[in-house]
Amino acid sequence: GKTTTARLLARIALKAGFTPGNTSTDGMSVAERPLEAGDWTGPSAARTVLRHPEVDLAVLEVARGGILRRGLGVDRCDAAAVLNVSADHLGEYGIHDLAAMATVKAVVGSIVAPHGRVVLGAESPPLVDLVARGHRFPAATAWFAQDEHHPTLTAHLASGGEAWFVSAAGRLTRGRGDHRDELVAIAELPFCFGGAASHNVRNALAAAALACALGLPDAAIVAGLRSFHASVSDNPGRANLAIVAGVQVFLDFAHNPAGIRSLHGLLTALRGPRRLLLGIGVAGDRSDETIRDLARAAHELAPDQVIVRDLEHYLRGREPGEVPTLLRDELIRQGHPAAAIATASDEVDLLRRGLAWAEPGDLVAILVHVERDEIQAELRRLGAIADPGPRPT
């Protein structure tokens, strides 16, 4: 959720009258104008954005790998967020368990000025455990979770702390001690699909908490969140939906087991009573067990058909076909029929195969969506209706 949360915060900053610079795994931008595409989450990207003459508020996405290899690239910030910690990239750079991964990610909170806030995801047990073990930040913490009654939020609010959650009335809410401010209904946020996209509800809570920590007004927070869509223009590669001859095509970057599981509610709602075709792949630097767990996460969605593929530019030491074979074998082990598993040569081939299989109303979900330009060109050729708007409730 880092890229989406960063984009949300940049949009809120724009609504507040700032010129935000944004770095992410997708590129660098100023006031939402692209500077350069690519994975820009390291110190060089931070330097580029911070030196830009127009930028007066910087939103920097920071990746675990960049922290471990090169550090943060900045020595102070006014707010930082750690959204969640999952079992991805374990075994790299000496990080072998979730506790160590949480400690690495918490580095972003170590440079927050005392007047600022460290925003933490309460629904991520490794973060809760990190603080419970005595980890301290130089600034106050603000926790977020969808459920107001989450025990971490309840305890934090009882001690006079700040927390963000969804109220019983379905509104994005800031709590401080006993005080509550309901800012906007989740149903009014297009990228949340009426609340079915629970991962984006959490991203909205995190972005709002960060914006508040930066002193941005509530009106800008509401305007920014309301104006943000799950579209290629606002949030490319994240929960994008298109319609091709009545078939729903869903594109998302979910690239690990936790990411796929976070989409369960949204894909279930989009699918409804119809059939689901799921396209999956994994970068080759993941362990065999992580690859198998991704297959298990895919199987939990109860797809009618699965298409596996190599990520051509992310083989990372694997032989071509090695990852699809691991995925296929685990899917069969989980009980998925072998006849309902196919292999695609690339993402466009996957899309074409999916559309050939699907009937109007069916859902074709392509995960680990990385071939953005090629897929968009194919969708345009097919006369797709892009960004049809939120559908689930």
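The values are calculated or read from the model by the stated rules, or taken from the named source; none is laboratory data. Note that the structure is a prediction, hence the values are computed from the model and not measured. When we count neighbours, we look across all protein chains shown, and the Cβ atoms used for this are built from the backbone with ideal geometry, even at glycine. Only protein heavy atoms, including side chains, enter the accessible area calculation; ligands, DNA and RNA are left aside. Shrake-Rupley method; radii C 1.70, N 1.55, O 1.52, S 1.80 Å.
With a ≥ b ≥ c taken as the square roots of the eigenvalues of the C-alpha gyration tensor of region 122-236, please select rounded if a/c is under 1.5 and otherwise prolate if a/b is larger than b/c or oblate if it is not? Walk me through the intermediate numbers first.
Values: a/c = 1.72, a/b = 1.61, b/c = 1.07.
Taking the square roots of the gyration eigenvalues as a ≥ b ≥ c, region 122-236 is prolate.
With the dipole of the chain worked out from charges on the C-beta (+1 for Lys and Arg, -1 for Asp and Glu) around the Cα centre, which of ALA295, ALA163, LEU127 lies farthest toward the positive end?
ALA163
Quick one: which residues, 5+ away or cross-chain, put their amide H under 5 Å from the amide H of ALA342? H built at 1.01 Å from N.
HN-HN under 5 Å from ALA342: VAL306, ILE307, VAL308.
Can you tell me the dipole magnitude for region 284-347 around its Cα centre, using point charges on the Cβ only (Lys, Arg +1; Asp, Glu -1), in Debye to the nearest 20? All intermediate terms of the calculation are to be shown ahead of the outcome.
Details: 8 positive and 14 negative charges, 29 e Å.
That gives region 284-347 a dipole magnitude of about 140 debye.
Name the residues whose placed amide hydrogens come within less than 5 Å of the amide hydrogen of VAL184, ignoring near sequence neighbours (fewer than 5 apart) on the same chain.
Under 5 Å from the amide H of VAL184: LEU172.
Assuming R0 = 51 Å, what is the FRET efficiency of HIS179 and ILE385, from their Cβ-Cβ distance, to the nearest 0.05? Walk me through the intermediate numbers first.
Working: r = 44 Å, r/R0 = 0.87.
Step by step, r from the Cβ atoms, then E = 0.70.
Tell me, what is the per residue accessible area of region 1-123 in Å², probe radius 1.4 Å? Please list the in-between numbers first.
Numbers: 5260 Å² over 123 residues.
Result: 43 Å² per residue.
Does a label point 7 Å from the Cα of ARG51, set along Cα-to-beta-carbon, have any residues of region 59-89 with amide nitrogen under 16 Å, and which are they?
The answer is 73-75.
Looking only at region 239-372, where both bridge partners belong to it, what percent of the DSSP beta bridges are antiparallel (to the nearest 5)? Walk me through the intermediate numbers first.
Numbers: 5 of 22 bridges.
Approximately 25 percent, going by the DSSP bridge assignments.
Can you say what percent of the DSSP beta bridges in the chain, counting only those with both residues inside, are antiparallel? Round to 5. If you can, show how the numbers build up before the last one.
Values: 27 of 62 bridges.
Counting DSSP beta bridges with both partners in the chain, the antiparallel share is about 45 percent.
I'd like the carbon and sulfur percentage of the solvent accessible area for region 47-200, probe radius 1.4 Å, heavy atoms only, ligands and nucleic acids excluded.
Values: 3520 of 6820 Å².
With neighbouring chains kept in place, the figure for region 47-200 is 52 percent.
Around VAL247, which amide H atoms from residues at least 5 apart in sequence, or from another chain, sit under 5 Å from its own amide H, with H modelled in the peptide plane?
Counting only residues 5 or more places away or on other chains, the set is GLY361.
For region 162-289, would you read off the P(r) tail past 25 Å as a percentage of all alpha carbon pairs?
Values: 2806 of 8128 pairs.
Roughly 35 percent, rounded to a whole number.
Using only the alpha carbons of region 247-327, determine the length spanned along each of the three principal axes and report them from longest to shortest in whole angstroms.
The Cα atoms of region 247-327 stretch 40, 22, 18 Å along their principal axes.
Place a +1 charge on the Cβ of each Lys and Arg in region 71-174 and a -1 charge on the Cβ of each Asp and Glu, then give the dipole magnitude about the Cα centre in debye, rounded to the nearest 20.
Numbers: 7 positive and 10 negative charges, 64 e Å.
For this selection, approximately 300 debye.
Taking the Cα centre of the chain as the origin, how large is its charge dipole in debye, to the nearest 20, when only Lys and Arg (+1) and Asp and Glu (-1) carry charge on their Cβ atoms?
Working: 40 positive and 46 negative charges, 115 e Å.
Dipole size: approximately 560 debye.
If you build the Cα gyration tensor of the chain and take the root of 5 times each eigenvalue, what three semi-axes come out, in whole angstrom, biggest first?
Details: eigenvalues 222, 108, 92 Å².
In descending order the semi-axes read 33, 23, 21 Å.
How high is the relative contact order of the chain? Use alpha-carbon pairs under 8 Å, at least six apart in sequence, and give a whole percent.
Working: 809 pairs, mean separation 54.7, N = 393.
That works out to 14 percent.
Got a sec? Charge dipole of the chain, +1 on Cβ for Lys and Arg, -1 for Asp and Glu; which of ALA384, THR25, THR103 is way out at the positive end?
THR103
Which Rg and Dmax, in Å, describe the Cα atoms of region 71-170?
14.0, 45
Output wanted: per-residue J couplings in Hz (rounded whole) for region 69-74, from phi through Karplus 6.51 cos²θ - 1.76 cosθ + 1.60, θ = phi - 60°, x for Gly and Pro.
8, 10, x, 8, x, 9
Quick one: angle between helix 218-227 and the longest Cα principal axis of the chain, in degrees between 0 and 90, rounded to 10, please.
That helix lies at roughly 10 degrees to the long axis.
Starting at the first residue of region 291-300, write each ³J(HN,Hα) from the Karplus equation 6.51 cos²θ - 1.76 cosθ + 1.60 with θ = phi - 60°, in whole Hz, x for Gly and Pro.
5, 5, 5, 5, 4, 5, 4, 5, 5, 4
For the chain, which longest stretch is free of loop sites, where a loop site is one of the trypsin sites (Lys or Arg not before Pro) that DSSP puts outside H, G, I, E and B and that has at most 12 other Cβ atoms within 10 Å? Could the numbers behind the result be given before it?
Working: sites that count: ARG76, ARG133, ARG136, ARG316.
Looking at the chain, 137-315 is the longest stretch - no exposed trypsin sites (Lys or Arg not before Pro) with at most 12 other Cβ atoms within 10 Å.
Positive end of the charge dipole of the chain (Lys, Arg +1 and Asp, Glu -1 on Cβ, about the Cα centre): tell me which of TRP357, THR141, LEU8 has its Cα farthest that way.
THR141
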